[in-house]
Amino acid sequence: MDKTVFAESFALDNAAKDIVEIRRRIKYEGELDKSFRDKIAKSAHGEKLYGCIQCGTCSAACPVSHYMDYTPRKIIQMVREGFKEEVLTSSTVWLCASCYACTVECPKGIKITDVMYALKRESILGNYYPKKSPASILANNFFNQVLNNGRNSEGPLLIKMYLKTNPFMLFKNMALGFKLWMRGRISLKTEKIKDRKALKKLLQSVEDKSNYKVKVNSSSLKEASAV
Amino acid sequence: MKYIYYPGCSLKSTGKLYEESLLAVFDALDIKYEELKDWNCCGATAYMAVDEKKAFVLAARNIALAEQQFKEEEEVNIVAPCSACYMILLKTQKFLEDNPEDMAVIKAALKESGLDYSAKAKIRHPIDVLVNDVGVQEITRRINKPLKGIRVASYYGCQTVRPYSTFDDQRNPVTMDELFKAAGAEVVEWTMKTRCCGASLTGTIQEVALPLSYIILHEAKKRRADVVTTACSLCQFNLECYQTNIDAKFKTDTKIDVIYFTQLLGLALGLDPKKLGINRLFAQPENLYKIMEGGKPVYV
Ligand code: SF4
Ligand code: SF4
């Protein structure tokens, strides 16, 4: 999206665009999604994102912040400013291991882990998530497995994930899988509960009433794929 | 008092040795328990990332099932050994308490399948049960083979003590250390007790996950620990089963025994290693046996 806006406003010709990829690193106020903050705050149970004092304690406490493209502190700021696409397509969302270190340390009591969960959900709902990222695929597959069987079967789950993302990883992890299997620690059987029908009904019954149903407009989708 | 045992998916597969050792220790200490009937997935991390409401429903169903199964009992204490299960059950209770509207929706949904959620169940971690219900004194009395000379690095993992759990300190937990001190071991002072092990990232984004496990193992070795004990199935799996990968990546030697705290406690109680699922470990803890024998087990 940045690219197109830039090209339009500065009348950059096509030839120049082919030579270098031009990306603007800032955003104009009009391009920000001001409703994003409230949506995320609501989804994360009224988290008071306004209250963040940008102290950076969360980023310091986070064991993976140095791998993220935006640290937790930055993410909070970007959410309140409305940098929707940047946040939802960032690696941060899927690198968060949900360890709650940030949440426990935040001096303003902001539940950053819950904000990250809200972003994960928003990223899936809005179709922003990296399609080949194992983390999001795992979450999705896990979800479906439990919906249908009530339990999670680690063996089949991992195999499916690797096949969908990186079959090479499956091969790489085969030795590990075999070691586990030898010790009776993994099986290829799908675990199921008895009362699957009731469970499915139960899960579906909260679907309609769920306040978390966001309709994604098609324009934001297009933007997402352009970035 | 009797407990409801909620295994969760992992204690039936990669964490099978956790289940075996936990139940063996419970039996040895005369702790009565019943497994939760027709339990379902707890709705942990990955589920929460897709649909939070459903994750809460999954957890609430387990709690409601427990309440139904223990209708006759005075108290409903659910023992959830996997940290992720433990945390999500606590989180669900807290969330429903704080959000009466959601509570009403979920209660109604559960009612339709004949379940009643009354929120009276207590969610307990096995460490909590051992330290606070059985008591360190009683455990000291039951120690058969003291862990003399063994240096233990207790590793609690992230979700065992935060953010909702209250049985120990969130930054520097000590309950597991107390157990091992009671069992005669030396405990290692270190700052890695609650640092993230990489969680499910080891399966998804290894470049990020392996360094996390590496730091923990490295620190434990640096402090001359003989063994790292864990209280969560994912932690144990990450710290033990990826050691070869870690060593290859960092050109180092992180070989150290990583076993469940219930396994080490079981050994100290004098239980048969087979009953404790020790044979399911990737490497047999020969080192520990040697120290234990060299330390000449004193029978109390
Ligand atoms: S720790 Fe809390 S207040 Fe500080 S930057 Fe992070 S979210 Fe903001
Ligand atoms: S919960 Fe996520 S963002 Fe917070 S410290 Fe852990 S990994 Fe970092």
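Before anything else, pin down the relative contact order of chain B: Cα pairs under 8 Å, at least 6 apart, normalised by residue count, whole percent. Please list the in-between numbers first.
Working: 507 pairs, mean separation 65.4, N = 300.
Relative contact order of chain B: 22 percent.
Under 5 Å between amide H atoms, partner at least 5 residues away or on a different chain: which partners does B:Cys158 have, H built in plane at 1.01 Å?
Amide H to amide H, under 5 Å and 5 or more residues apart or across chains, B:Cys158 pairs with B:Cys197.
Report which residues of the range A:112-155 become buried by 50 Å² or more of accessible surface when going from the isolated chain to the complete set of protein chains (1.4 Å probe; DNA, RNA and ligands ignored).
When all protein chains are present, A:Tyr117, A:Arg121, A:Phe142, A:Phe143, A:Arg151, A:Glu154 each give up 50 Å² or more of accessible surface.
Ordered by residue, what ³J(HN,Hα) values in Hz, to whole numbers, does the range B:237-253 give under the Karplus form 6.51 cos²θ - 1.76 cosθ + 1.60, where θ = phi - 60° and Gly and Pro are x?
Once θ is set to phi - 60°, the couplings for the range B:237-253 become 4, 4, 6, 8, 7, 9, 4, 5, 4, 5, 4, 5, 6, 9, 6, 8, 10 Hz.
Please find the FRET efficiency linking B:Asp27 to B:Thr244, where r is the Cβ-Cβ separation and R0 is fixed at 35 Å, and quote it to the nearest 0.05. All intermediate terms of the calculation are to be shown ahead of the outcome.
Numbers: r = 34 Å, r/R0 = 0.97.
About 0.55, to the nearest 0.05.
Using the basic label-point model (7 angstrom from Cα toward the beta carbon), what is the B:Asn287 to A:Lys48 distance in nanometres?
4.8 nm
List the residues of the range B:43-63 for which accessible area in the full set of protein chains is at least 30 Å² lower than for the chain on its own; 1.4 Å probe, protein heavy atoms only.
B:Thr45, B:Ala46, B:Tyr47, B:Met48, B:Ala49, B:Val50, B:Glu52, B:Lys53, B:Lys54, B:Val57, B:Leu58, B:Arg61
Obtain the nm distance between the two label points defined at A:Lys179 and B:Thr140 by a simple spin-label model: each point lies 7 Å from its Cα along the Cα-to-C-beta direction.
3.9 nm
For the protein assembly as shown, which whole-number percentage of the solvent-accessible area (1.4 Å probe, protein heavy atoms only) is attributable to carbon and sulfur atoms? Walk me through the numbers before you get to the answer.
Values: 12090 of 22600 Å².
Ligands and nucleic acids excluded, carbon and sulfur give 53 percent.
With the other protein chains left in place, how much accessible area per residue, in square angstrom, belongs to chain B at a 1.4 angstrom probe? Before the final figure, lay out each step's value.
Values: 10830 Å² over 300 residues.
On a per-residue basis, 36 Å².
Where the Cα atoms of the protein assembly as shown are projected onto their three principal axes, how long is each span, largest first, in whole Å?
86, 57, 44
Could you derive backbone 3J(HN,Hα) for the range A:135-142 from the dihedral phi with the Karplus parameters 6.51, -1.76 and 1.60 (θ = phi - 60°), listing whole Hz in sequence and x where the residue is Gly or Pro?
5, 6, 5, 4, 4, 5, 5, 4
Excluding ligands, DNA and RNA, what is the accessible area buried between chains B and A, summed over both sides, using a 1.4 Å probe, to the nearest 100 Å²? Intermediate results must be reported in sequence, preceding the final value.
Working: alone 13510 and 14510 Å², together 22600 Å².
Approximately 5400 Å² gets buried when B meets A.
Within 10 Å of each candidate Cβ there may be at most 14 other Cβ atoms; applying that plus a DSSP loop requirement, which chymotrypsin sites (Phe, Trp or Tyr not before Pro) in the range B:223-255 survive?
Those that pass, being in a loop and sparsely packed, number zero.
Applying the Karplus parametrisation 6.51 cos²θ - 1.76 cosθ + 1.60 with θ = phi - 60° to the phi angles of the range A:180-187, what ³J(HN,Hα) value in whole Hz is obtained for each residue in order, glycine and proline being reported as x?
Result, ordered by residue: 5, 5, 4, 9, x, 9, 8, 9 Hz.
Might you work out the accessible area of B:Arg142 for me, using a 1.4 Å probe with all protein chains in place, and round it to the nearest 10 Å²?
B:Arg142 has an accessible surface of roughly 60 Å² with all protein chains in place.
The values are calculated or read from the model by the stated rules, or taken from the named source; none is laboratory data. Being a predicted model, the structure only gives us computed values, none of them experimental. With ideal geometry, Cβ positions are generated from the backbone for all residues, glycine too; neighbour counts draw on all protein chains shown. Quick note on the areas: whole protein, heavy atoms, side chains included, nothing else; ligands and nucleic acids left out. Shrake-Rupley method; radii C 1.70, N 1.55, O 1.52, S 1.80 Å.
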